[in-house]
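First comes the structure, then the notes that go with it.
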Amino acid sequence: MKSFTYERASTPAQAAAAVAGRQGAKFLAGGTNLLDLMKLEIETPTHLVDVQDLKLDRIEKTEKGGLRIGALVTNTALAADDRVRRDYGVLTRAIVAGASGQLRNKATTAGNLLQRTRCPYFYDTNQPCNKRKPGTGCGAIGGYSRQLAVVGSSDQCIATYPGDMAVAMRVLDAAVETVKPDGQTRAIPMADFHRLPGDHPERDNVLEQGELITAVTLPKPLGGTHIYQKVRDRASYAFALVSVAAVIGKDGAGRVAFGGVAHKPWRVEAAEAAMSQGPRAVAGQVFADARPTPDNRFKIALAERTLASVMAQAKG
Amino acid sequence: MKFDTPAGTNPIDQMKIVGRPTDRIDGPLKTTGTAPYAYERHDVAPDQAYGYIVGSAIAKGRITRMDTSLARAAPGVLAVLSTLDHAKPLPLGMMNIAHLFGGADIAHYHQAIAFVVAESFEQARAAAALIRTDYARDKGRFDLEAAAPTAPFEPTGDGPDAKDIDSVGDFASAFGAAPVRIEQHYTTPGESHAMMEPFATIAAWEGDKLTLWTSNQMIAWSKGSLAKILAMKPENIRVDSPYIGGGFGGKLFVRVDAVLAALGAKAAGRPVKVAMQRPLMANNSTHRPATIQTVKLGATPDGRLTAIHHSSTSGNLPDGKPEVAVQQTKLLYAAPNREIWMKLAVTDLPEGNAMRAPGEAPGLMVLEMAMDELAEKLGMDPVELRIVNDTQVDPAKPNRPFSERHLVECLRTGAEKFGWSRRNPKPGQTRDGKWLVGMGMAAGFRNNQLTKSAARIRLERDGHLTVETDMTDIGTGTYTILAQTAAEMMGVPLAQVRVILGDSDFPASAGSGGQWGANNSTAGLYAACVKLREQVAQRLGFNAADVQFADGQVRAGNRAVPLAEAARGGVLTAEDGIEYGTLDEQYQQSTFAGHFVEVAVDSYTGETRIRRMLAVCDAGRILNPKAARSQVIGAMTMGAGAALMEELAVDKRFGFFVNHDLASYEVPVHADIPHQEVIFLDYPDDKSSPMKAKGVGELGLCGVGAAIANAIYNATGVRVRDYPVTLDKHLDKLPSWT
Ligand SMILES: Cc1cc2nc3c(=O)[nH]c(=O)nc-3n(C[C@H](O)[C@H](O)[C@H](O)COP(=O)(O)OP(=O)(O)OC[C@H]3O[C@@H](n4cnc5c(N)ncnc54)[C@H](O)[C@@H]3O)c2cc1C
Ligand code: SF4
C-alpha cells in the first residue's frame, strides 16, 4: 500500500472539488473494494476523500412516484427497505445474492456500482493487464478466462463487471445522479453508466474525475414478478458465473438483464420482444455478437438455461 | 515401551473417560478468540518488528538484477533480505524439493525472492513494493497433459522391491478374457490446502540460540529441517507451536515464513514476525498434485473382479515425488490379476506434496467412480459389487491378513441407514420439481500408520497431572484425547490433567499427519503413564502389578491412598514412548468407510447441491466420538470441495496457479454443506497399539468425492470424469427440464 492522505468531506460539492483538485485523489465510501485494491497496490490513490458524512444515506420518494436511493445507503439497508421489497423485489434479491452479511453492512450503493472487476490477472500485479496498467497487454486472453466476458469484450480486455445490484438496477431502468466539481448535476441512465472496454479498459464507467455519485433513482414501480437468479459453483459467497434479473408480467412479456457475461450489466431491449417465444429466442438475440473463449463458452448456454428457469418461475 | 504383540486388557479398556464424546478442553479458548496463534503471540518476545515476503513474478528462469535501494531507504525499514545475498540456495529441509530462499534461479512462481523488515506491517508492505527485479525467463514445463505421454515410470515399492509395474498374476490375459469390462480415463486437479491460518512465525535470537513461535504440524521434523537450512546445531533451536489454525499437510514442513523470520530477526537485531500473505499461499508452498488416471476393470457376470489396472501420472519439480493415487488399489478389493503403475513428469509448477489423505483422496475419487461404472455395466447394485469383492487379506500376500476389516458392515449399515434401497438404479429418473435427484456411494479406505511417539507426564504436588509432548493439535482434538488418556490411566477426572503441546523441548511425538497423530501420540502417553503408575505404586509402597487407579485413589486389596499422596515427597515425572515391532508387517492395518450421498442437480443450470451425506467408519477404537465426528464431517466437507469446486487453475503460458486467493479458489461454504451424519463401528484394533485406536482424520475424505460424483451421475445420467464436477461439464447433456 502506498502512503496517502485522507480527509472527510461534509458536503457533496466539497467532496467533488476535493477529488477534482488533486491528481490521484479518490472517494472512499465503505472501503470494502477500494481498500482491498490499495493493499495489493492495484489502486494507488494519493489522497482519499471520505464521503461518509455527506448525509446521502436516505431513501426517499421521487415526484415521479419512484425512489431516490442516497449514494451512501448500505446494501443491507437498501435490500431491507419495505418499499424496495414490495415494489422492486428484483433489487432486494440481487443484493442479498451478493457478498456476505458483513460486507453488505459496509458496502454502499455508489461503491457497489463502482466495484472493479474480479479478473484474476487484474488482481495479480505481476501479470499484464490493460485495465490495471494500460498498454501492458491482457493476461486473461489466452489464459484462464472461465469467469470472464462472453459478449461486448474487446481485444484489449475481456473482463466482466462482477456485481449483482447493478444488474437489477439495469432491468429497472435506474439512473445514476451525480454532481460534478463545478456544481453541475446530471442523471446518467444505468444503460450508459458502465462502459464497454474497447480501447480503454482502464475506464469502467463514464464518470469524470471528481464526479460524485449522490443517488440512484428508480422509476415508478413496474409491477410484475421480480426474479434474480444467480448461478455459481458454490451455493453462496461467490461471484456470478451468470445471473439473470427479470421483471415479467402475467402475459409473459417483460424485461431481462444478464450479469457475469460482460463489462457491464447486459441488456438488449430489442430482444425482450421475443419473450413470448421463449428463452432461446431471447438469448439468441442477446448473445448474437458473443465472442466467448474456450473456457467460458458454456456461459452462453448457461445464460439461456437460466433465463428459461426464470421464465418458468414467473409462470409459477 | 515396545509394542510387538497384540494388546491385552489394559486400563484404557475401562473406557470411563476415553471413548466418551468429550468437549474439547481447548474449545473455550478457541471460541473466545483467546487461543494464541503464532502471529498473535505478542508477549513472547519484546519489540517485534514486521516482515513482508516478496514472491517471484516469473515461474522459471533467473533474476538478473534486483534493486532494493528504494526499499532500504523507505520509512521504518530495518532490513531488506535479497535472495541474491546468497550465492546459492539455502539447503533443503526434510522431504521438500523446492528451495525456500537463496540464489538467482527461480524454480516456481511466487518463490520468495526478498524479505522486508520494518517497524510496522504497513511500512514493510509499502517498502516491499519498491523493490525492482529484472528477470530472464526460461521456457518452463507447465502442462501436465502435454508432458504425460513421455513421462517415465516412477517405481512403486522400496529398494530392491521397487518395480516400474506392480503386477500380480497376469492382468493382460485376465482383462482380455473378462466377460464384463470397463476402461476409462479420469483427471483430478491440483488442490490447495487453503487452511484458515496462513504460515506464520515469530523469530527471536538470544546469542546463537533461536526460538521460533510458529504454526507447524511436525515439531521434530521442523527443528531438524531448520538446523539443516540455517546450518545450525539442533540444540540451539527451539520451535513452539501450541495452536495451529489448520494445516492439512501444508504445515508438515518448514516453510519460508520460519526461515525468513529467523534471517530477518538476525539482520534486524530484533524479534521479527511474519504471516505469509494470502495471495502467495498457493504458489509459494506445496499443493496436492493434479493426476491423469486410467482404470480398467474386468469382472465375471456375478461381479467378481478378475483384473484391475490402475495407473496414474502426476507432475512435480525435478526430484519430486508422485501423487500416489494408486495406493489403495493394492489393498481395497480382491482380484487375482492386477497391474498398477505410476508415471512422474517433470513440471515447473510449484512443489507437489502431501495434502490430507495424499494418494487415497484423488485415487479413490477415480477408482470408486470406475467401480460405479462397472456396477452399472453389470446391472449390479454398487454396494453389492463392493461387498462381493471384499478381501480379508492383502491380495498380493494372502497369508497377511488385515488386523481388523469391517468394510462390508460399513456398507451394509450405511445402505440401511441411508435408505439406499430407495435409489433408482437407472440414472436421470428421479425428480423433485426442477431438481434431478440422485444417490451415490463409495467405499473409503486409508491406511493406519504406526510411528514412534514419546511423552512426559508429571504428578504435581497438588495431585494434578501435567502432560508434555511436542505433539501438535491442528484443530483435531489432540489436547483432549491426551487428557482423556492420562485421566483414564491415572484414575483422575479430566479437569485434573493439564496438557502442554508443540514445544520442541518436550519429548518427540509422532506429530500430526497421515492420520497417525491420535493413535500414536496417545499410545506414547500411555507408555509414560504406565511408568508413572509404577513410580506411584513404588512410592506408596504398593506392589505395582495389582494396583488400581480410580476415583483419585490408588488401591490394592483393602488399602486405598489418594494419588496426590505420592507426590507429597516431591513431584514425580515419567517419560516414555511407544515403539513398534512388526505387527504392521504381519497384519495390514487400515481404516474403512462407506460413504453415501444424495444430491440434487438443477436441471436448468446444472448446479449441484448436496442434500445429505452419511459416512460409516471402521477405524478402531474411537477415543473421543465428538472430536472424531468433527474430523470426519470436516473431511467430508473437504471432499465436497474436491468433487464440486476446488481446482488450482493453471496458466500454461506463465506457469502459475491463477486463482491464488480465497475469493477465486472456492472451498465449500456453510450453504454447500447440509445434513451430515457419521456412524462409527466399534472394533478396537489390538494390533495397532495399547489404545486399540487407528487414524480417522483422513478417512472421512477418502471416497467421499466419488460418492458425490456417482450421485450426480445417478441424478443426471451424465458421467463427468474430470474433477471437479462443475456445471459447465454436464450442462449441455442434461435431460430436458420439461
Ligand atoms: C469477499 C467479497 C465478496 C463480494 N461478493 C460480491 C458479490 O457476490 N456480488 C456483488 O455485487 N458484490 C460483491 N462484493 C463487492 C461489494 O459489493 C463491494 O465491495 C461493495 O459494494 C463496494 O462498496 P463500498 O461502499 O465499500 O465501496 P468502496 O470500496 O468505498 O469504493 C468503491 C469505489 O467507488 C468509489 N466511490 C465510492 N463512493 C462514491 C461516490 N459516492 N461517488 C463516486 N465514487 C464513489 C470509490 O472511489 C472506489 O473507487 C464482494 C466483495 C468482497 C470483498
Ligand atoms: S481481461 Fe481486462 S482486467 Fe483481465 S487481464 Fe485482461 S485487461 Fe486486465
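The values are calculated or read from the model by the stated rules, or taken from the named source; none is laboratory data. Because the structure is a prediction, the values reported are computed rather than measured. Cβ placement follows ideal geometry from the backbone for every residue including glycine, while neighbour counts extend to all protein chains displayed. The area values use the complete protein model at the heavy-atom level, side chains included, leaving out ligands, DNA and RNA. Shrake-Rupley method; radii C 1.70, N 1.55, O 1.52, S 1.80 Å.
Of the residues that make up region A:108-129, is at least one among the polar types (S, T, N, Q), within 11 Å of ligand 2 (Cβ to nearest atom) and open to solvent by less than 30 Å² (accessible area, probe 1.4 Å)?
Within region A:108-129, one or more residues are among the polar types (S, T, N, Q), within 11 Å of ligand 2 (Cβ to nearest atom) and open to solvent by less than 30 Å² (accessible area, probe 1.4 Å).
Filter region B:505-551 down to residues that are over 16 Å from B:Ala574 (Cβ atoms), part of a helix (DSSP H, G or I) and among the aromatic types (Phe, Trp, Tyr), then give me how many there are.
Qualifying residue count, region B:505-551: 0.
What are the residue pairs meeting all of these: first residue in region A:127-147, first residue closer than 14 Å to A:His263 by Cβ and within 12 Å of chain B (Cβ to nearest Cβ), second residue within 16 Å of ligand 1 (Cβ to nearest atom) and of a type in the set (D, E, K, R), Cβ atoms under 8 Å, and 6 or more apart or on different chains?
Pairs found: A:Gln147/A:Arg118.
Does region B:224-243 hold any residues that are more than 20 Å from B:Gly102 (Cα to Cα) and surrounded by 24 or more Cβ atoms within 10 Å (Cβ to Cβ), and which are they? Break it down into steps so the answer makes sense when it comes.
Pass one, region B:224-243, residues more than 20 Å from B:Gly102 (Cα to Cα): B:233-243.
Selection gives B:Val239, B:Ser241.
Restricting region A:167-194 to residues that are among the β-branched types (Val, Ile, Thr) and under 24 Å from A:Ser243 (Cα atoms), which is surrounded by the most Cβ atoms within 10 Å (Cβ to Cβ)?
Here is the first cut: in region A:167-194, the ones among the β-branched types (Val, Ile, Thr) are A:167, A:171, A:176, A:178-179, A:185, A:188.
With under 24 Å from A:Ser243 (Cα atoms) added as a condition, the list becomes A:167, A:171, A:176, A:188.
On the way: A:Val167: 32, A:Val171: 29, A:Val176: 28, A:Ile188: 19.
Among those residues, the one meeting the criterion is A:Val167.
For region B:127-171, what are the residues that are open to solvent by less than 80 Å² (accessible area, probe 1.4 Å), within 14 Å of another protein chain (Cβ to nearest Cβ) and not in a helix (DSSP H, G or I)?
B:Ala129, B:Leu130, B:Ile131, B:Thr133, B:Asp134, B:Tyr135, B:Phe142, B:Asp143
Please determine, by comparing only the residues of region B:722-738 that are among the hydrophobic types (A, V, I, L, M, F, W, C) and more than 8 Å from every other protein chain (Cβ to nearest Cβ), which one is surrounded by the most Cβ atoms within 10 Å (Cβ to Cβ).
Let us first name the residues in region B:722-738 that are among the hydrophobic types (A, V, I, L, M, F, W, C), namely B:725, B:727, B:731, B:734, B:737.
Going one step further and asking which of them are more than 8 Å from every other protein chain (Cβ to nearest Cβ), we end up with B:725, B:734.
On the way: B:Val725: 28, B:Leu734: 21.
This residue is B:Val725.
If you take the residues in region B:606-624 that are open to solvent by 10 Å² or more (accessible area, probe 1.4 Å), outside any loop (DSSP other than H, G, I, E, B) and within 30 Å of B:Lys733 (Cβ to Cβ), which one is nearest to the other protein chains (Cβ to nearest Cβ)?
Step one: filter region B:606-624 for residues open to solvent by 10 Å² or more (accessible area, probe 1.4 Å), giving B:607-612, B:621-623.
Of the ones still in play, those that are also outside any loop (DSSP other than H, G, I, E, B) are B:608-612, B:621.
Those still in the list that are within 30 Å of B:Lys733 (Cβ to Cβ) too: B:608-612.
Values: B:Thr608: 9, B:Arg609: 6, B:Ile610: 9, B:Arg611: 12, B:Arg612: 15 Å.
Ranking the candidates gives B:Arg609 first.
Within region A:49-63, identify whether any single residue is within 20 Å of A:Phe27 (Cβ to Cβ), surrounded by 20 or more Cβ atoms within 10 Å (Cβ to Cβ) and not β-branched (Val, Ile, Thr), and answer yes or no. Walk me through how you get there before you give the answer.
Going through region A:49-63, the residues within 20 Å of A:Phe27 (Cβ to Cβ) turn out to be A:49-58.
Going one step further and asking which of them are surrounded by 20 or more Cβ atoms within 10 Å (Cβ to Cβ), we end up with A:49, A:51, A:54, A:56.
Adding the requirement that they be not β-branched (Val, Ile, Thr) leaves A:54, A:56.
Scanning region A:49-63 turns up at least one residue that is within 20 Å of A:Phe27 (Cβ to Cβ), surrounded by 20 or more Cβ atoms within 10 Å (Cβ to Cβ) and not β-branched (Val, Ile, Thr).
Give me the strands (runs of 3 or more DSSP E) completely within region A:221-316, filtered to those with at least 2 residues that are more than 13 Å from chain B (Cβ to nearest Cβ) and of a type in the set (Gly, Ala, Ser), ordered by residue number. Write out each step before concluding.
Details: elements: A:225-231, A:242-248, A:254-259.
By residue number, A:242-248, A:254-259.
Quick check on my filter: what residues within region B:102-126 are outside any loop (DSSP other than H, G, I, E, B), within 13 Å of chain A (Cβ to nearest Cβ) and within 19 Å of B:Val658 (Cα to Cα)?
Result: B:Ile106, single match.
Listed residues A:Val90, A:Val84, A:Val150; which is more than 13 Å from ligand 1 (Cβ to nearest atom), farther than 20 Å from A:Thr32 by Cβ and within 14 Å of chain B (Cβ to nearest Cβ)? Explain how you work it out, then say what you get.
On the way: A:Val90 fails: within 14 Å of chain B (Cβ to nearest Cβ); A:Val84 fails: within 14 Å of chain B (Cβ to nearest Cβ).
Exactly one of A:Val90, A:Val84, A:Val150 is more than 13 Å from ligand 1 (Cβ to nearest atom), farther than 20 Å from A:Thr32 by Cβ and within 14 Å of chain B (Cβ to nearest Cβ), namely A:Val150.
Test B:His99 against the stated conditions and say whether it is away from every other protein chain (no Cβ under 14 Å) and either in contact with a His (Cβ under 9 Å, 6 or more places away or on another chain) or of a type in the set (D, E, K, R) (or both). Give the derivation first.
On the way: away from every other protein chain (no Cβ under 14 Å): yes; either in contact with a His (Cβ under 9 Å, 6 or more places away or on another chain) or of a type in the set (D, E, K, R) (or both): no.
So B:His99 does not fit the description; no.
Among (1) modelled with pLDDT of 95 or more; (2) open to solvent by 10 Å² or more (accessible area, probe 1.4 Å), there is one condition B:Arg568 misses while meeting the rest; what is its number?
It fails just one condition, (1).
Every residue, every condition in (1) in a loop (DSSP other than H, G, I, E, B); (2) free of Cβ contacts under 8 Å to residues at least 24 places away in the same chain; (3) among the hydroxyl-bearing types (Ser, Thr, Tyr); (4) over 25 Å from B:Pro279 (Cα atoms), yes or no:
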| position | (1), (2), (3), (4) |
| --- | --- |
| B:Gly19 | yes, no, no, yes |
| B:Pro28 | no, yes, no, yes |
| B:Asp47 | yes, no, no, yes |
| B:Tyr52 | no, no, yes, no |
| B:Ala71 | no, no, no, no |
| B:Pro91 | yes, no, no, yes |
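From the list B:Leu662, B:Leu648, which residue is more than 9 Å from chain A (Cβ to nearest Cβ), surrounded by fewer than 19 Cβ atoms within 10 Å (Cβ to Cβ) and closer than 24 Å to B:His287 by Cβ? Steps first, please.
On the way: B:Leu648 fails: surrounded by fewer than 19 Cβ atoms within 10 Å (Cβ to Cβ).
Within the list B:Leu662, B:Leu648, the selection yields B:Leu662.
Quick test of your reading of the structure: A:Asp164 fulfils all but one of (1) within 11 Å of ligand 2 (Cβ to nearest atom); (2) surrounded by 24 or more Cβ atoms within 10 Å (Cβ to Cβ). Name the failing condition by number.
Condition not satisfied by A:Asp164: (1).
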